[in-house]
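Just so you know, all these numbers are worked out from the coordinates, no wet-lab data involved. It should be emphasised that the depicted structure is a prediction, and the values quoted were computed from it without experimental measurement. Cβ placement follows ideal geometry from the backbone for every residue including glycine, while neighbour counts extend to all protein chains displayed.
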Amino acid sequence: MTFILLPFVEMFYASLRPLDHLFRSPYQFYSDDLSFWAYREMWKTVPMLPRYIFNSFFLASVTSLITLLFVIPAAYSYARFRFPFKNSSLYILLAINMFSGAVLLIPLYKVLRTFGLLNTYQAMIVPGVAFLIPTAIWLLKSYFEKIPIDLEEAAFVDGASRVQILRHIIAPLSTPGLVVVGIYAFIGSYAQQFLFAITFNQKKEYMPIPSGLYEFIGYTTVKWNEMMAASLVGIAPVLIIFLFLQKYIVAGLTSGAVKN
Amino acid sequence: MKQKLKSYNTQTYLAYALIAPAALYIVLIVAWPLLETIRLSFTNSSLAGEDYVGFENYQKMLSSKKFNGIVTRTFVWMFFSVSLKLIIGLIGAVLLNANLKGRSIFRVLVMPPWVVPIAIGMLGWLWLYNGYFGIIAGVGMRTGILDGPFGFLAYKQSAFISTIIADVWVGTPMVTVFFLAAMQGVPRDLYEAAYCDGASRWDRFFKITLPQITPVIITMSLLSAIWTFNSFEIIWILTEGGPRGATTTLIIDTYKQALGNYKFGRGAARAVVVMILLTLFAGFYLALLARINKKISHE
């Protein structure tokens with residue numbers, strides 16, 4: 001437990017201490033003037049901070065929405081239809097999941113450069129979506145499978161069209177599943193922003209929080225307390241989302257994996 | 001009527017049409033780049049252009065002592081990291097599964113390292129490992145264990161260990177949660193029967209829990225090995241593969257060659273080695289998965 005929380009506590013503690021106390025040697029456990037000063041000052045030191053936070057949110061939202069667009073029909077198809085190569089293609093999806101972005105960076109870099117997409121939002125969204133699709137299909141498939149097929153078949157026999165079935169049966173019943181997969185994609189893309197961001201984007205106005213903050217670490221005088229404050233503010237939204245929905249996320253992730 | 005129903009879930013063309021967008025996307029962004037990487041590995045591609053050079057990249061790479069060291073180091077790093085994740089994850093899952101007070105809160109508190117972007121978690125670790133101002137060195141100096149400032153990331157061995165610890169920090173929550181879910185799936189009556197027979201806590205763990213969750217443990221070890229093998233951000237942020245290459249794993253080396261020096265060809269050759277190793281892992285994993293599924297369906 002200590003092990004898990006230590007970095008966060010240390011970050012929070014460092015963010016409260018004035019800079020000259022932070023760099024005091026020998027090490028002091030206690031500073032007499034802890035304050036939230038860094039939380040006010042950081043907006044001046046990192047003038048682009050609101051922009052970074054916006055970028056992070058924007059990138060994660062767009063990435064997860066696009067992922068859902070691709071994944072919903074595919075997952076539905078895997079859950080409902082029987083067709084040749086169904087199982088083998090599902091396993092290929094799993095295998096794709098194992099290649100990290102790092103291996104594919106070289107050709108991706110060249111492709112993005114050819115299409116003039118380097119240093120744009122798309123440079124981070126396009127590869128991001130690709131690496132979320134496989135897991136999202138597996139997750140959503142298991143949700144769709146839980147909807148009894150009898151309902152659909154009954155409606156079908158009664159003469160309902162596919163579109164009607166989709167609107168009146170599948171869509172309402174699968175909303176919880178869609179929410180979980182959407183959140184999985186959101187957290188996933190929030191977390192994976194770093195690698196693609198440092199490789200494919202040099203423009204400050206498009207940087208998400210992590211790479212934006214790391215810009216400052218290269219400088220000689222790093223204001224660590226403000227850096228810590230800014231990172232904590234940056235991760236607060238995801239943590240809050242996660243805390244509210246953790247039950248569903250954890251259940252959703254494990255049910256797929258343990259069963260299969 | 002029956003005929004109509006039968007056709008409901010066998011319309012192959014519709015099935016494929018629904019999958020097509022996702023499949024095309026993956027082919028474009030993942031499969032094609034994989035092939036392109038293989039092609040590039042036979043060239044001396046850089047920002048300036050490219051020429052076909054045959055196996056030169058591979059020959060140079062395989063004959064260099066440094067590269068062999070990197071491969072060995074990758075596996076040692078991976079071995080320690082994965083073992084620690086599994087051991088800590090197992091202990092954590094047992095504790096979270098036990099009937100302790102406040103376990104639902106602890107179950108939530110386990111997750112942050114996984115939820116928070118790795119890059120930001122590593123900022124905390126950077127500070128923890130700081131030789132002058134970090135709390136670890138601070139406590140060490142105050143208690144006299146360290147006789148002066150000690151930069152954990154500045155020396156070869158301590159940097160190696162420090163990156164493993166940070167990697168374990170990121171990877172353990174996932175392992176714990178999966179083990180916990182598996183433990184909760186063990187049928188209650190097995191425990192009740194054992195309890196009636198007077199089995200001790202240890203017996204119950206080793207004779208019931210452990211065998212019951214073995215499939216999940218095996219799956220998780222492989223998955224975890226793959227994730228650990230792919231681990232890039234943690235090492236990159238903490239040490240960039242240093243000091244003097246002490247934490248350079250295959251992935252880090254690939255990145256450095258390709259996008260640090262813009263030697264795409266050499267980087268691609270390394271990426272191909274990574275791909276081959278990953279394919280081996282993946283094949284192993286899928287074969288195992290198929291076997292476990294078969295066993296389950298037999299029961």
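Those residues that are not in a helix (DSSP H, G or I) and not β-branched (Val, Ile, Thr), I need them from the range B:201-241; list them, please. Those that are not in a helix (DSSP H, G or I) and not β-branched (Val, Ile, Thr): B:Ser231, B:Phe232, B:Glu240, B:Gly241. The set of residues from the range B:136-154 being surrounded by fewer than 19 Cβ atoms within 10 Å (Cβ to Cβ) and assigned to a helix (DSSP H, G or I) comprises B:Val139, B:Arg142, B:Thr143.
Residues that are touching a residue at least 24 places away in the same chain (Cβ under 8 Å) and among the aliphatic types (A, V, I, L, M) do not occur anywhere in the range B:254-264.
Tell me yes or no: at least one residue of the range B:200-213 is within 14 Å of chain A (Cβ to nearest Cβ) and surrounded by 15 or more Cβ atoms within 10 Å (Cβ to Cβ). For the range B:200-213, residues within 14 Å of chain A (Cβ to nearest Cβ) and surrounded by 15 or more Cβ atoms within 10 Å (Cβ to Cβ): present. The residue list B:Ser81, B:Ser104 contains one member that is more than 7 Å from every other protein chain (Cβ to nearest Cβ), surrounded by fewer than 22 Cβ atoms within 10 Å (Cβ to Cβ), of a type in the set (Gly, Ala, Ser) and not in a loop (DSSP other than H, G, I, E, B), which is B:Ser104. Checking every residue in the range B:142-165 against the condition of being touching an Asp or Glu at 6+ places or on another chain (Cβ under 9 Å) and within 11 Å of chain A (Cβ to nearest Cβ) gives zero matches. Among the residues of the range A:79-93, those identified as at the interface with another protein chain (Cβ under 7 Å from one of its Cβ atoms) and either part of a helix (DSSP H, G or I) or surrounded by 14 or more Cβ atoms within 10 Å (Cβ to Cβ) (or both) are A:Arg80, A:Phe81, A:Phe83, A:Tyr91.
Matching residues to (1) surrounded by fewer than 21 Cβ atoms within 10 Å (Cβ to Cβ); (2) within 30 Å of the chain's Cα centre (by Cα):
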{"position": "A:Arg162", "(1), (2)": "yes, no"}
{"position": "A:Ile165", "(1), (2)": "yes, no"}
{"position": "A:Ile169", "(1), (2)": "yes, yes"}
{"position": "A:Pro172", "(1), (2)": "yes, yes"}
{"position": "A:Gly182", "(1), (2)": "yes, yes"}
{"position": "A:Leu195", "(1), (2)": "no, yes"}
{"position": "A:Thr199", "(1), (2)": "no, yes"}
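If the condition is being facing another protein chain (nearest Cβ under 10 Å) and surrounded by 17 or more Cβ atoms within 10 Å (Cβ to Cβ), then the range B:35-55 contributes B:Glu36, B:Thr37, B:Leu40, B:Ser41, B:Ser45. Total residues in the range A:157-183 satisfying the condition of being in contact with a Leu (Cβ under 7 Å, 6 or more places away or on another chain) and either part of a loop (DSSP other than H, G, I, E, B) or within 11 Å of another protein chain (Cβ to nearest Cβ) (or both): the figure is 2. Per this entry, A:Tyr109 is not counted among residues that are part of a helix (DSSP H, G or I), away from every other protein chain (no Cβ under 11 Å) and not hydrophobic (A, V, I, L, M, F, W, C).
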